[in-house]
Structures are given as C-alpha cells and as structure tokens.
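Let me begin by presenting the structure, written as structure tokens, before commenting on it.
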Amino acid sequence: MLIEVLHKTKYRYDCPARYSIQSLRLEPPTFDAQRVVSWTVTAPGIESGFRFVDCFGNAVVLASIATTHDSIEIEARGVVETLDCSGVARGLSDAAPLRVYLRTTPKTAPSPALIDLARQAQRRTVLETLHELMQSVSEAVIYEIGTTHQHTTATDALASGHGVCQDHAHVFISAARVLGIPARYVNGYFLSGTLAPAEAHHAW
C-alpha cells in the first residue's frame, strides 16, 4: 500500500526566543515491511544541521536557530510503501542490545495485576503469546480520550481500565517484559481511513 504522509508541527512562543535547537526524528526507516519512496523534512536551520543515527536506529537532525524568533514551523512529507507482514517486522537497524528492552522503567514497572495479565496471556509460541497479549490489553484498557495524561504509568492505566494508545503501549511493553520478551515503544502514523488531519501521533 502506498501511503502519503504530511506532518506539520508549529510552535508559537509567548515571548521571542533568541536561540533554539530542535532534535528532529521525522525520517521513517526502510525495512522488510516498509519502503520509503520519497521523503523531505523542512525546518529552520535544517540545511546546516548535524545529522546522526541514535542508539535506537533513528535518523536525527539537530537544527538550530540563532536569531530572534517567536515561532517555528516544521514540515515532513513523503510517500511510504508498506507491506502487510501480520505484525512481524524484520530488517530494522537497532544498535541497542535486546536487554535494553527488558528493563523496568518508571512507566512500565509492573504491578501484581499486570504480572497476572502477562502470565495469563502465555501461549505455546512467542508470536501466539504476543497476539493474545495484544487482545488482553485491548480488553483490559478501554480506549477513551482524556482519561489519562503523559505521565500515566502502565500500572495506573491498567488499574483504571481506561486510556489511549500510549497507555496500551506501556501496558503491553510492561507485560511483554514480565514474560522475558524484549519490547519497545514506537510512535508513528495511524491510517484512519479518512483524510481528516490527526492532532497527534499514534503509539505502539
């Protein structure tokens, strides 16, 4: 499937800034399930920005503005071709060792209820387990906008039974790590089926 993406970020400041620096991670990777056909990012200072690949395999550009400004506009646009691999993606560049994705973090620290959710999802194979876990998280945390915030933990979201995509991701990651399965947080774009603009990224 060919997908065209237009991403816009706008900052407006209450008072002028004399200097700012942006760490831009807006370039999608090419791997077995996805091929970048075309992609451009425009932002103030990006032409002379410092480019590198971070420890998680993300292409990063550090773009700075050294003149007084009260707004910044960033735009990423391009075309990506995707392939349905039933959720199994290979070929991603990731320099971090897998044990990094088994750590307990403040957002993913498991409660007894979360540990129980994870153990009940165990099946014969890892893939079957992850599919069961995906279904279990969806049933345990009902999608409802406005019920959580950016600091909500996996434990809190599971206890409340409500949340949004980032909460589903944190609960899933926590449960997977309980089972010894490396898992990480990924954000990107969700194909909604309409041309209406989205206000935020999606999370997995």
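Only one of Ala43, Ala17, Ala33 is surrounded by 13 or more Cβ atoms within 10 Å (Cβ to Cβ) and closer than 30 Å to Val100 by Cα. Can you tell me which?
Details: Ala43 fails: closer than 30 Å to Val100 by Cα; Ala17 fails: closer than 30 Å to Val100 by Cα.
Among Ala43, Ala17, Ala33, only Ala33 is surrounded by 13 or more Cβ atoms within 10 Å (Cβ to Cβ) and closer than 30 Å to Val100 by Cα.
Under the condition of being charged (D, E, K, R) and assigned to a strand (DSSP E or B), which residue from the range 54-96 is nearest to Val36 (Cα to Cα)? Don't jump to the end; show me each part of the working.
Residues of the range 54-96 charged (D, E, K, R): 54, 70, 73, 75, 77, 81, 84, 90, 94.
Those still in the list that are assigned to a strand (DSSP E or B) too: 70, 73, 75, 77, 81.
Details: Asp70: 33, Glu73: 23, Glu75: 17, Arg77: 11, Glu81: 6 Å.
The residue in question is Glu81.
Quick check on the range 12-62: of everything there that is touching a strand residue (DSSP E or B) at 6+ places or on another chain (Cβ under 9 Å) and of a type in the set (Asp, Glu), which residue is farthest from Gly91 (Cα to Cα)?
Only one residue fits best here, namely Asp14.
List the residue pairs whose Cβ atoms are under 7 Å apart, where the first residue sits in the range 185-196 and is within 15 Å of His170 (Cα to Cα), the second is outside any strand (DSSP E or B) and modelled with pLDDT of 75 or more, and the two are 6 or more positions apart or on different chains.
Tyr185/Ala169; Tyr185/Ile173; Val186/Trp204; Asn187/His201
Test of understanding: among Arg99, Arg51, Arg12, which residue is open to solvent by 80 Å² or more (accessible area, probe 1.4 Å), farther than 26 Å from Gln135 by Cβ and either touching a His at 6+ places or on another chain (Cβ under 9 Å) or not in a strand (DSSP E or B) (or both)?
Details: Arg51 fails: either touching a His at 6+ places or on another chain (Cβ under 9 Å) or not in a strand (DSSP E or B) (or both); Arg12 fails: either touching a His at 6+ places or on another chain (Cβ under 9 Å) or not in a strand (DSSP E or B) (or both).
Only one candidate qualifies: Arg99.
Which condition number in (1) at pLDDT below 95; (2) in contact with a helix residue (DSSP H, G or I) (Cβ under 8 Å, 6 or more places away or on another chain) is the one that Arg99 fails?
Just one mismatch for Arg99, condition (2).
The values are calculated or read from the model by the stated rules, or taken from the named source; none is laboratory data. Only a predicted model underlies this, so the values are computations on that prediction, with no experimental measurement involved. Cβ sites come from the backbone with ideal geometry, for glycine too, and all protein chains shown count toward neighbours. For the accessible areas, the whole protein counts, side chains as well, though only heavy atoms, and no ligand, DNA or RNA atoms are used. Shrake-Rupley method; radii C 1.70, N 1.55, O 1.52, S 1.80 Å.
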